[in-house]
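The values are calculated or read from the model by the stated rules, or taken from the named source; none is laboratory data. Since this is a predicted model, take the numbers as computed values, not measurements. We place every Cβ from the backbone using ideal geometry, glycine too, and count neighbours over all the protein chains shown. Side chains are part of the model used for accessible areas, which takes the heavy atoms of the whole protein and leaves out ligands, DNA and RNA. Shrake-Rupley method; radii C 1.70, N 1.55, O 1.52, S 1.80 Å.
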Amino acid sequence: MGLGIWALLVFIGLIVFWNLVLKRNIAEAMLAGFIATSLFGGTEFFNLIWSGLLFAGTNDVLYASVAFVFMAYVIDHTAIIASLVKILNSLLGRLPGGAAYVDTIASAVMGTLAGSNSGNTATTGSITAPWMVQSNFTRERAATIVAGNGGLGAALPPSASMFIMLGFAPIAAVVSEGDLYVALFISGIYQVIYRVFLIMYFVKRDNIKAISPEFIQPLKEALSTGWKSTLIFLGALIPIVVTIGPLAESFMANPNIGEGAMDSISLITWIPILIILISMMVGWTRLPKTAAGWSDFLNKAIPRFSTIGALLVFAYASSQVLTDLGLPEDLTTVMESISISKWLMVLFISLLVALVAGPLSSTATLTAIGMVAFAAMVSAGVDPLLAVVAILVFASTEGASPPASGSIFIAASLAGASPEKTFVPLVLYYVVPILLIGYLIAMGFLPVLT
């Protein structure tokens, strides 16, 4: 094996050891992995360190990811999600099992705004888990649904997992951020549709009735007090409409704008900027009005950047170091020497990613094996964009993967259930079907291309 592969094996092993054995946070593991991989360069150690940090520091995706973290903080502070959940409950609460439908749709909404599995579970589940129990769902069933839906935090863009994959130099060279954003969104819609049908099955199987009207705010009242919260979706809709489709084509054909100007518009940069601005306008009453208040507001946001910022910086830097050590060429050589069919390679990668995502988070999983999984699938004949989307779908099972998923224990706590009683249902109803969705995407049976 080449030097790049040895460096990768040490990188993966060190991350797992640091995170699971030493019980330290993943950001520290990334730093240790970055230093360890650079040591493989010998006398080029400092050059590799500089090359990696330069790549990370000039990476547009890094800045976009920080913007998304701040966006999630603003949305949380302005209580926009609470207003959206009230509207959803007014629309769906009168259906049998309405609380479960609300949790599914609200989790999808949270996924497009915040991108955190555990945060998704805690935010939506704190409202919907007790309602499900009151609707005669068993506590274990309610916890299973809430934890299973929490995975939509990583399944829909934007997410830290998406940023990690885009940050890998070999992937960034062949997959554009705009194409990945749209394709991942479409794959997330498949997951939402599956979850809706699953709720229908649970409702019929468990003979669930509609929740009491006293828990439902009239739609007119919910809209009158919270309709402005829906405006935040314009933050995602406007950049997509401008850059993709007929309007984008007309702009490119306009000599005063041109293709070059359109190509310079970054979806993952402008979406958080617009959503932050809209959120601040909608929730301005909850924002500080004095200099001291703004100082306190910004200071409270800083801790949110510490782990994810360090994680992404050192993950991106390490990917560049591994590239400089010849990892892409080494992996290509190894994969070409393995005679394995496309369908078997995709199946193998799906199981590998899900297995690693059990004890690790989706971000840690993709940091450790994301690039290897991508190289293996592409070498087997999978389209690069489909490979990245499928891998992200596989990794999104983290929220429902026992035994170490934070979403499971959060959901169990909210529903008053025993966590271990949700393990088998989560694997049966969420992990396996989601892996199947990712498999069908990789094989080209479920379209995600625009």
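Of Ile238, Ile216, Ile271, which residue is among the hydrophobic types (A, V, I, L, M, F, W, C), modelled with pLDDT under 80 and farther than 18 Å from Phe70 by Cα?
Ile216
Would you call Pro158 closer than 29 Å to Asp324 by Cα, modelled with pLDDT under 90 and not in a helix (DSSP H, G or I)?
Yes; evaluated as a whole, the condition is true for this residue.
State whether the residues of the range 175-196 include one that is without any contact (Cβ under 8 Å) to a residue 12 or more places away in the chain, assigned to a helix (DSSP H, G or I) and among the aliphatic types (A, V, I, L, M).
yes
Could you identify the single residue in Ile105, Ile171 that is modelled with pLDDT of 80 or more, open to solvent by 10 Å² or more (accessible area, probe 1.4 Å), in a helix (DSSP H, G or I) and of a type in the set (A, V, I, L, M, F, W, C)?
Ile105
I'd like to verify a number: residues in the range 1-21 that are touching a residue at least 60 places away in the same chain (Cβ under 8 Å) and over 19 Å from Val353 (Cβ atoms), how many? It would help to see each step written out before you state the result.
Here is the first cut: in the range 1-21, the residues touching a residue at least 60 places away in the same chain (Cβ under 8 Å) are 1-5, 7-8, 11-12, 15-16, 19-20.
In the following step, the residues that additionally are over 19 Å from Val353 (Cβ atoms) were identified as 1-4, 7.
Residues in the range 1-21 being touching a residue at least 60 places away in the same chain (Cβ under 8 Å) and over 19 Å from Val353 (Cβ atoms): 5 in total.
Among the numbered conditions (1) surrounded by 19 or more Cβ atoms within 10 Å (Cβ to Cβ); (2) in contact with a Phe, Trp or Tyr (Cβ under 9 Å, 6 or more places away or on another chain); (3) under 25 Å from Ile87 (Cα atoms), tell me where Gln191 comes up short.
The number of the failed condition is (2).
Looking at the range 91-101, is at least one residue modelled with pLDDT of 80 or more, within 20 Å of Val196 (Cβ to Cβ), under 21 Å from the mean Cα position of the chain (by Cα) and of a type outside the set (A, V, I, L, M)?
Among the residues of the range 91-101, at least one is modelled with pLDDT of 80 or more, within 20 Å of Val196 (Cβ to Cβ), under 21 Å from the mean Cα position of the chain (by Cα) and of a type outside the set (A, V, I, L, M), which makes the answer yes.
What number of residues within the range 200-209 satisfy the criterion of being among the aliphatic types (A, V, I, L, M) and either surrounded by 21 or more Cβ atoms within 10 Å (Cβ to Cβ) or not in a helix (DSSP H, G or I) (or both)?
Total meeting the criteria: 1.
I'm checking my understanding of the structure. Among residues of the range 392-407 that are assigned to a helix (DSSP H, G or I) and not small (Gly, Ala, Ser), which one is modelled with the lowest pLDDT?
Glu398
Name the residues in the range 63-77 that are at pLDDT 70 or above and not small (Gly, Ala, Ser), would you?
Answer for the range 63-77, where residues must be at pLDDT 70 or above and not small (Gly, Ala, Ser): Tyr63, Val66, Val69, Phe70, Met71, Tyr73, Val74, Ile75, Asp76, His77.
Looking at the range 200-212, can you tell me whether even one residue there is at pLDDT below 80 and out of contact with any strand residue (DSSP E or B) (no Cβ under 7 Å at 6 or more places or on another chain)?
Of the range 200-212, the ones at pLDDT below 80 are 209-212.
Among the residues that remain, those that are also out of contact with any strand residue (DSSP E or B) (no Cβ under 7 Å at 6 or more places or on another chain) are: 211-212.
Among the residues of the range 200-212, at least one is at pLDDT below 80 and out of contact with any strand residue (DSSP E or B) (no Cβ under 7 Å at 6 or more places or on another chain), which makes the answer yes.
Only residues in the range 24-37 that are free of Cβ contacts under 8 Å to residues at least 12 places away in the same chain count as the first member; pair them with residues that are open to solvent by 20 Å² or more (accessible area, probe 1.4 Å) and of a type in the set (Ser, Thr, Tyr), Cβ under 7 angstrom, at least 6 apart or cross-chain, and list the lot.
Pairs that qualify, where the first residue is free of Cβ contacts under 8 Å to residues at least 12 places away in the same chain and the partner is open to solvent by 20 Å² or more (accessible area, probe 1.4 Å) and of a type in the set (Ser, Thr, Tyr): there are none.
Just one of Val382, Val389 is of a type in the set (Val, Ile, Thr), farther than 16 Å from Pro433 by Cβ, open to solvent by less than 20 Å² (accessible area, probe 1.4 Å) and part of a helix (DSSP H, G or I); which is it?
Testing whether each residue is of a type in the set (Val, Ile, Thr), farther than 16 Å from Pro433 by Cβ, open to solvent by less than 20 Å² (accessible area, probe 1.4 Å) and part of a helix (DSSP H, G or I) leaves just Val389.
In the range 90-102, how many are open to solvent by 20 Å² or more (accessible area, probe 1.4 Å) and among the β-branched types (Val, Ile, Thr)?
0
Being at pLDDT 75 or above and within 23 Å of Ala236 (Cβ to Cβ): is that true of Leu325 here? Write out each step before concluding.
Working: at pLDDT 75 or above: yes; within 23 Å of Ala236 (Cβ to Cβ): no.
Criteria not met by Leu325.
Restrict the check to the range 40-63 and report whether at least one residue is under 28 Å from Leu156 (Cβ atoms), open to solvent by 50 Å² or more (accessible area, probe 1.4 Å), assigned to a helix (DSSP H, G or I) and not hydrophobic (A, V, I, L, M, F, W, C).
yes
Select from the range 392-434 the residues that are farther than 25 Å from Ser187 by Cβ and open to solvent by less than 10 Å² (accessible area, probe 1.4 Å) and list them in ascending order.
Of the range 392-434, the ones farther than 25 Å from Ser187 by Cβ are 403, 409, 412-421, 423-424.
Selection gives Ala412, Ala415.
Given (1) touching a helix residue (DSSP H, G or I) at 6+ places or on another chain (Cβ under 8 Å); (2) open to solvent by 60 Å² or more (accessible area, probe 1.4 Å); (3) of a type outside the set (Phe, Trp, Tyr), identify the lone condition not met by Leu274.
Here Leu274 meets the rest and fails (2).
Conditions first: (1) at pLDDT 85 or above; (2) open to solvent by 40 Å² or more (accessible area, probe 1.4 Å); (3) touching a Pro at 6+ places or on another chain (Cβ under 9 Å); (4) of a type in the set (A, V, I, L, M, F, W, C). Phe297 passes all but one, so which condition is the exception?
Only one criterion in (1) at pLDDT 85 or above; (2) open to solvent by 40 Å² or more (accessible area, probe 1.4 Å); (3) touching a Pro at 6+ places or on another chain (Cβ under 9 Å); (4) of a type in the set (A, V, I, L, M, F, W, C) is unmet by Phe297, namely (2).
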